[in-house]
1. Among the residues of the stretch A:107-140, how many are crowded, with 18+ Cβ neighbours inside 10 Å, more than 19 Å from A:Lys51 (Cβ to Cβ) and touching a Lys or Arg at 6+ places or on another chain (Cβ under 8 Å)?
2. Which residue pairs have Cβ atoms under 6 Å apart, sit 6 or more places apart or on different chains, and have a first residue in the stretch D:316-331 that is touching a residue at least 12 places away in the same chain (Cβ under 8 Å) and a second that is surrounded by fewer than 18 Cβ atoms within 10 Å (Cβ to Cβ)?
3. Return the residues of the stretch B:303-334 that are outside any helix (DSSP H, G or I) and over 13 Å from A:Ile291 (Cα atoms); say none if nothing qualifies.
4. Filter the stretch C:112-153 for residues that are among the basic types (Lys, Arg) and touching a residue at least 24 places away in the same chain (Cβ under 8 Å); which is nearest to the other protein chains (Cβ to nearest Cβ)?
5. Consider A:Asn293 against the criteria (1) touching a helix residue (DSSP H, G or I) at 6+ places or on another chain (Cβ under 7 Å); (2) in contact (Cβ under 8 Å) with a residue 60 or more places away in the chain: it satisfies all of them except one. Which criterion is unmet?
6. Pairs, please: C-beta under 8 Å, at least 6 apart or cross-chain, first residue touching a residue at least 24 places away in the same chain (Cβ under 8 Å) and on the phi > 0 side of the Ramachandran plot and in the stretch B:25-49, second hydrophobic (A, V, I, L, M, F, W, C) and not in a loop (DSSP other than H, G, I, E, B)?
7. I'd like to verify a number: residues in the stretch A:21-35 that are under 13 Å from A:Val67 (Cβ atoms), in a strand (DSSP E or B) and of a type outside the set (Val, Ile, Thr), how many?
8. May I ask you to list the residues in the stretch A:213-224 that are more than 8 Å from chain B (Cβ to nearest Cβ) and within 20 Å of A:Tyr11 (Cβ to Cβ)?
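The values are calculated or read from the model by the stated rules, or taken from the named source; none is laboratory data. None of the values given here were measured: they were computed from a predicted structure. All Cβ positions, glycine included, derive from the backbone under ideal geometry; neighbour counts span all protein chains shown.
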4 protein chains.
Amino acid sequence: MKEFRPKSDQYCWTFGGVDPVLRLEAHSILRTWTEDAFSGKITSEKDFPSKVIEPYFTNPQTGPFYVEGAEPGDTLAIHFIRVRPSRNWAVSTTVPLFGSLTTTKYTALLHDALPEKVWMYKVSKEKNSVTFQASDSNFQTDIPMHPFHGTVGVAPAGSEVRSSLVPEAFGGNMDSPEVCEGSTLFLGVNVKGALFSLGDGHYVQGQGEVCGVAVEGAMETEIGIELIKNRYVEWPVIENDDYIMTVGSYRPLEDAFRIAQTQMIKCLASNYGLSIMDAYQLVSQVNETPIANVVDPNYTVVTKVHKKFLPRGHNFMGGAHNNLRKISNDYQNG
Amino acid sequence: MKEFRPKSDQYCWTFGGVDPVLRLEAHSILRTWTEDAFSGKITSEKDFPSKVIEPYFTNPQTGPFYVEGAEPGDTLAIHFIRVRPSRNWAVSTTVPLFGSLTTTKYTALLHDALPEKVWMYKVSKEKNSVTFQASDSNFQTDIPMHPFHGTVGVAPAGSEVRSSLVPEAFGGNMDSPEVCEGSTLFLGVNVKGALFSLGDGHYVQGQGEVCGVAVEGAMETEIGIELIKNRYVEWPVIENDDYIMTVGSYRPLEDAFRIAQTQMIKCLASNYGLSIMDAYQLVSQVNETPIANVVDPNYTVVTKVHKKFLPRGHNFMGGAHNNLRKISNDYQNG
Amino acid sequence: MKEFRPKSDQYCWTFGGVDPVLRLEAHSILRTWTEDAFSGKITSEKDFPSKVIEPYFTNPQTGPFYVEGAEPGDTLAIHFIRVRPSRNWAVSTTVPLFGSLTTTKYTALLHDALPEKVWMYKVSKEKNSVTFQASDSNFQTDIPMHPFHGTVGVAPAGSEVRSSLVPEAFGGNMDSPEVCEGSTLFLGVNVKGALFSLGDGHYVQGQGEVCGVAVEGAMETEIGIELIKNRYVEWPVIENDDYIMTVGSYRPLEDAFRIAQTQMIKCLASNYGLSIMDAYQLVSQVNETPIANVVDPNYTVVTKVHKKFLPRGHNFMGGAHNNLRKISNDYQNG
Amino acid sequence: MKEFRPKSDQYCWTFGGVDPVLRLEAHSILRTWTEDAFSGKITSEKDFPSKVIEPYFTNPQTGPFYVEGAEPGDTLAIHFIRVRPSRNWAVSTTVPLFGSLTTTKYTALLHDALPEKVWMYKVSKEKNSVTFQASDSNFQTDIPMHPFHGTVGVAPAGSEVRSSLVPEAFGGNMDSPEVCEGSTLFLGVNVKGALFSLGDGHYVQGQGEVCGVAVEGAMETEIGIELIKNRYVEWPVIENDDYIMTVGSYRPLEDAFRIAQTQMIKCLASNYGLSIMDAYQLVSQVNETPIANVVDPNYTVVTKVHKKFLPRGHNFMGGAHNNLRKISNDYQNG
């Protein structure tokens, strides 16, 4: 087990283009910590993002980590053993020209930006909830927590370097609640060492991350790492005990949907012995496809198929999820 | 209680433009029956849609029904008391140039159509499931049923007449699994009598109706009807015991998403006393937004907010859902 | 030659669903007149559309005209002999929640509508121009006129009835400047008599009709009509002396683009003896594809290929354009 | 005047992330040469891109060039003095899973790729044309040349590094025919030295670059360089003697359209003293908006407004275009 808690000058803001902060063995465990998307700088309703955050310094990532032996054409498996809020407060905001229901840099209209506002959330670890307090009335309500990492990614292919705000084939800022405790995320390796990083802790988030900002908070995280040699997933794949999931991140939203669906169909065909047309039919009737984000530079959807609908006796991704489950149980049990 | 079982020449194929088959009182109950989307003409793997269905005669609707007293500017509430498969078989297919992962009439590419295939499903009412049988291997799997109407709509505004394949502000072919037993669907009334119709029974369907066809079957349905005078919902709204839901149907998919989200935010602001910005924040953290279809002439998404997150003591849509719940309980208890 | 000038109660507001105002022979000429899109009700900067226009009564159409002998599966050819402004003034406006750079009914965001404004244009027939007068400064500039009909369509297929604001496979509100003097518009016939209508005179319009409103004015129009039996164009086709053009109208904009391009490629393959792949290549290098509108319920693009790049000796659409050219010359010469 | 002709190992394949090959003064002239998008490796119909090109090595760029004194927040002006074919042949192809009318990596459908084909073009400098030779028939036709650079860009903002296939705010693979002799391209500077590069010579290309490949060829190019200090264009701007142009590159296509249009409106408001609403109206009536590409990772459209419609006496971008015109005339005259 290794541990890494970044110092204030150790965050990275891109996938690719940054030297590793630590080298990890495949088949190992890392305990780490991630700052919130605002670098912890928003602590009251008066700390507007446009005032306290410098351009291009949103969404700090912890990493990148170099995985020994990882080479282009392999797949990195990251299992989330533990993903827990490390603070008793969290924050959400609107951000000028960002979000799914406003004029933005890309959906550029003639309107002025919507109002910039900050909502501070109290965190109750006992109740496992955060409290929403309305700013314009005295209504408040508790929302159950579902902590996850909005952002986990490897260095992109083709020597690209992408902002930590971007989700694409390399993972990144997918904002999918499926990247949580108990899940294994598979990412295709594009460079030596894979160079993965993670951040953007969300204590809870609705589908689509509509206003552009979840309930953001720092996170204590433990992950197990595995390497699958000579096999490459083109787009991120997620597995938990119940589901196989595929992730598509692009624009427009129907292209993200199409990527996730075709990846699932091809995945079922190549891993479970179904023909493409049978997989198309089966997926059409049993898939769930939660929208992860409609706010980032690319939009993300996740297609899920419950394993109970799939042929038995197939060892998905070489059994990496089960192996990592076992490693993490061993680790947690001491 | 009235009953209507259409004769073979009594179906309609559009919303609007058709004379009513029956007049109903507001505050009443209807027992009816709907044919499957293929008019019951596909009964084996050899009955290809392109052979047995004439153009413009897909998706027959039962209705339209004239609701006494309904006038433009009102809202019609349809509560689904009972939605049950009326056959022990169902069918799904691919359809040339239709579906979300193929060249279509509108996403027009240079590819030939994908193969046309038919899958027949056995229905077990005891197990409440249908059985998928792969056509290219001997794999089979049971899928729990979740019967709903893919299509329910009123006559459109502005004297338009739309194909029963279209979802839009008037409801129609939304393909949302939320239109099921226990739900109340609210539709703004555009013409005298509202002229609603329904059909397209789905025994089960995955999110997005990916291949364009659910597990299609005839349906026995009982509904309760209520009229909310002088109040108009611009886009369909759904309520069940747990959730408030808003529906957006347009293209591209992000516009369907934007419609559903803004409708929800405005709905919470006008019905629950939240400011727009507080509603934006709350919805961002608690909404679920299942994709209903990415295959029809317009795409549909549904935004859901659980009532437990909302201020108490508000009587949503004048309490129509609870009233209809009561009427249907009274009816079912004799 | 027949003449039809609508009385104030004779306009229609939909394609389909309306009885014909006049019956025309194929191979004949019609002289007619169209009102502007605001029914002539905006005559000063104070006449805001939201005040003077009732919902669903924008864009009055002259017609529909019944063409003798036209049957589903035929193609109607409409040649524009003369399209001339009939007034010495014209008008443009912004319209709340309409336009390509604002929140709309379909691209639904949380912004308030942009300001509603009216610009009156003076028309100089001598200079063949209109004068733009800035409302917030004293700048003015002359813009050369290019008069055309924003809207020409037939009754839709499948018993649909569509608002005169909609462009689709039946033509309609395409807002393409190519529908002007000297052009022949081909529309597939869906109902007996074709039932075409026209309106929405634009004295000039930029590409995309960005703010949603062109320089709108009443029009004196003469057209020649021809019928091509047993041949059906799926989407509108336009021909002038120099160009073959295909029209795609849908959302998102890339789907409109894809429709126009695939129609052109198939058109060149079936009419000019090129293989699909050669047509794909040739179109890729020589096409022009002006954006017609990005504001209507569907967006429209037009793909144009200059005839000089095409094989000789092919009689496009049975030579209908040349025939109509000849008819109109004969007519104009007395 | 400086000259740079890259050696075979000197090309770059990204914007950003590469050391400069040469340092240039602002207010200077560069004579250079660019390879074709296939690195000159396709010289016959049998050289399929999928065989001769390694992944991530399409579209070699000449550069990057370091401009002395360029700092983030400035704008670089590149004037194209001369853009001339340097070969008497050129090439176009289809590329598997690339193009606007095929399933692609992002518009991911279940179809197989379209056929991969190569078309060789003969270049006649005397006739200023290329000859298209059909591969499946003996038709051939001459197409007038319009040589331009499909790709010109600077290092992106936020430490990103992007493939030379990508167009975005930094310019890049815009595939706009307006980037040709006589034009000045303005790009906002994001890093010290600006680090611009160029390539992707197109001897001619239709709108949208439909099949994904223009008539590709090596290019002899001379450019004049100017630096505008302390002024930053957010998206590329182009000027020639007649037009002001703004460029939007994103997905979906309507977002590219919206970017180009809002940039133009804001540009006219800030440079020519019009109010935003007057600029919106004027642009709506006079703009031209050619589609540049619908095939790259982002799509590109260009909005053009003729200077004759604009207020006089304004010195657009400090008169940089006219200055560069003068420099290049002086240079060409000796």
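1. 5
2. Pairs that qualify, where the first residue is touching a residue at least 12 places away in the same chain (Cβ under 8 Å) and the partner is surrounded by fewer than 18 Cβ atoms within 10 Å (Cβ to Cβ), are D:Phe316/D:Asn271.
3. The initial filter retains those residues of the stretch B:303-334 that are outside any helix (DSSP H, G or I), namely B:303-306, B:310-315, B:333-334.
Correct list: B:Val305, B:His306, B:Leu310, B:Pro311, B:Arg312, B:Gly313, B:His314, B:Asn315, B:Asn333, B:Gly334.
4. In the first step, residues of the stretch C:112-153 are kept if they are among the basic types (Lys, Arg); the result is C:117, C:122, C:125, C:127.
Those left that are additionally touching a residue at least 24 places away in the same chain (Cβ under 8 Å): C:117, C:122, C:125.
On the way: C:Lys117: 6, C:Lys122: 14, C:Lys125: 18 Å.
Per the criteria, the residue is C:Lys117.
5. Going through the list (1) touching a helix residue (DSSP H, G or I) at 6+ places or on another chain (Cβ under 7 Å); (2) in contact (Cβ under 8 Å) with a residue 60 or more places away in the chain, A:Asn293 breaks only (1).
6. B:His27/B:Ile225; B:His27/B:Leu227; B:His27/B:Ile327
7. Taking the stretch A:21-35 and keeping what is under 13 Å from A:Val67 (Cβ atoms), we get A:21-30.
Filter again for in a strand (DSSP E or B), leaving A:22-24, A:28-30.
Subsequent filtering for residues that are of a type outside the set (Val, Ile, Thr) retains A:22-24, A:28, A:30.
The number of residues fulfilling the criteria is 5.
8. Going residue by residue through the stretch A:213-224, those that are more than 8 Å from chain B (Cβ to nearest Cβ) are A:216-224.
Hits for the stretch A:213-224 are A:Glu216, A:Gly217, A:Ala218, A:Met219, A:Glu220, A:Thr221, A:Glu222, A:Ile223.
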